[in-house]
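All of the numbers you see were taken from the coordinates with simple rules; none came from a lab. This is a predicted model, so every value here is computed, not measured. So basically every Cβ, Gly included, is an ideal-geometry build from the backbone, and we count neighbours across all protein chains shown.
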Amino acid sequence: MSKQSWKLSPSDFAFLWEQCKRCFYLKVVSNFLRPKPIMPGIFSVIDSEMKRCFSGKRLETFVTGVPSGVVMDKTDWVQSKPISFPDKDSTCFIKGKFDTVVKFDDGSYGVIDFKTSAIKPEYVSLYGWQLHAYAYALENPAPGHLLLAPISRLGLIVYEPGVFLSDKIDSAMLRGKLSWLEITREDKAFLEFIREIISVLEQSVAPGGSPSCEWCNYRDTSKRTGL
């Protein structure tokens, strides 16, 4: 395959890469996308309301365990400068839209994501690479793109709805727990992760599908049966 500069979306690091490298390869290399899953609209509503509620306010007044700082009224697209490796012909760059940035009182910044429902332990590293990607792009932006540095903290603000309340007629609310989940910054490991991705993308053909990938299994069954 000829030298390429691959566009990598941080949102794909959270699940697509781990779920099926074949589907990831097809999306990045051939722009062949999986059908979009049907997501209940309530999650979009909760996400937008969390951003509205936090925007411009001090983070430590909402959740414990975080440094003192203000949630910036900013949800923006970022794009990194090219990422290259001595042993790879191709390069890549990060492009995506982050959830929220906090400006801490010490002048540094934090990249955070809002999540609804408890986070399974095995998902923490997946969300971690997503946050690392945004941090890298903010600290190493392509010309003309947003620069914020240094990024000192990464983390998730997790909302777990637990109690349904109705205190007046025709009105109700969900009350739940808010918690901070710190993601340890591991820049060297992140770049090794990106290097592994490029190694797959440089292959001349897509890797085999994951046995647990429903889309690949469906496509392969359709080809095999002629349906």
Worksheet, complete the sentence: Under 5 Å from the placed amide H of Thr116, counting only residues 5+ away or on other chains, we find Tyr159
Worksheet, complete the sentence: Extension length gain for Asp89 and Thr184 (0.36 nm per residue less Cα distance), in nm, is 31.2 nm
Response to the item:
Scalar couplings 3J(HN,Hα) for the range 207-221 by Karplus 6.51 cos²θ - 1.76 cosθ + 1.60 (θ = phi - 60°), nearest whole Hz, x for Gly and Pro, are x, x, x, 5, x, 8, 7, 5, 5, 5, 4, 5, 5, 5, 5
Fill in: Sites Val163 and Glu214 - FRET efficiency at Förster radius 30 Å, r taken between beta-carbons, to 0.05
0.30
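By DSSP, what percent of the beta bridges with both residues in the chain are antiparallel, rounded to the nearest 5?
Values: 25 of 37 bridges.
Of all bridge pairs located within the chain, approximately 70 percent are antiparallel.
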Practice prompt. Quote the FRET efficiency, to the nearest 0.05, computed for Ser5 versus Leu146 with a Förster distance R0 of 35 Å and r equal to the Cβ-Cβ distance.
Written response: 0.95
Response to the item:
CD proxy, 222 nm, the chain: helix-only mean residue ellipticity via -39,500 (n - 2.57) per DSSP H run with n ≥ 4, per residue, nearest 500, stands at -10000 deg cm²/dmol
Worksheet item: How large is log10 I(q)/I(0) at q = 0.20, 0.32 Å⁻¹ when the Debye formula is applied to the Cα atoms of the range 73-115, each weighted equally and without solvent?
Response: -0.76, -1.10
Worksheet item: For the residue pair Met173 and Thr61, what label-to-label distance in nm results when each label sits 7 Å from Cα along the Cα-to-beta-carbon direction?
Response: 1.6
Fill in: Per the chain, cysteines lacking a partner by the 4.7 Å Cβ criterion
Cys53, Cys92
Worksheet entry | About the Cα centre, charge dipole magnitude for the range 1-114 (Lys/Arg +1, Asp/Glu -1 at Cβ), debye | 540
Worksheet, complete the sentence: When the chain is treated as a Gaussian network with springs between alpha carbons less than 10 Å apart, the largest mean-square fluctuation among Gly41, Gly208, Gly176 is found at Gly41
Discussion item. Given a 10 angstrom Cα cut-off, can you work out which residue in Pro161, Pro150, Pro86 is the most mobile in a GNM of the chain?
Written reply: Pro86
Worksheet item: In what sequence do Leu131, Leu156, Leu191, Leu227 fall when counting other Cβ within 10 Å, fewest first?
Response: Leu227, Leu191, Leu156, Leu131
Worksheet, complete the sentence: Debye calc, one equal point scatterer per Cα of the chain, no solvent, log10 I(q)/I(0) at q = 0.08 1/Å comes to -0.35
Worksheet item: Where is the GNM fluctuation largest for the chain (alpha-carbon springs, 10 angstrom cutoff): Lys36, Lys27, Lys88?
Response: Lys36
Discussion item. Using the Cα centre of the chain as the reference point, and only Cβ charges (+1 on K/R, -1 on D/E), how large is the resulting charge dipole? Debye, rounded to the nearest 20.
Written reply: 600
Worksheet entry | Gain on full stretching of the segment that runs from Phe32 to Glu196 - 0.36 nm per residue minus C-alpha separation | 57.0 nm
Worksheet, complete the sentence: Counting sequence-distant residues (5 or more places) and residues on other chains, those with an amide H built under 5 Å from that of Cys92 are Trp6, Ile83
Worksheet item: What net charge do the residues around Arg34 carry, taking every other residue with its C-beta under 11 Å from that of Arg34, with Lys and Arg at +1 and Asp and Glu at -1?
Response: +2
Practice prompt. Set Lys and Arg Cβ to +1 and Asp and Glu Cβ to -1, take the dipole of the range 59-120 about its Cα centre, and tell me which of Ser90, Thr75, Thr64 lies farthest positive.
Written response: Ser90
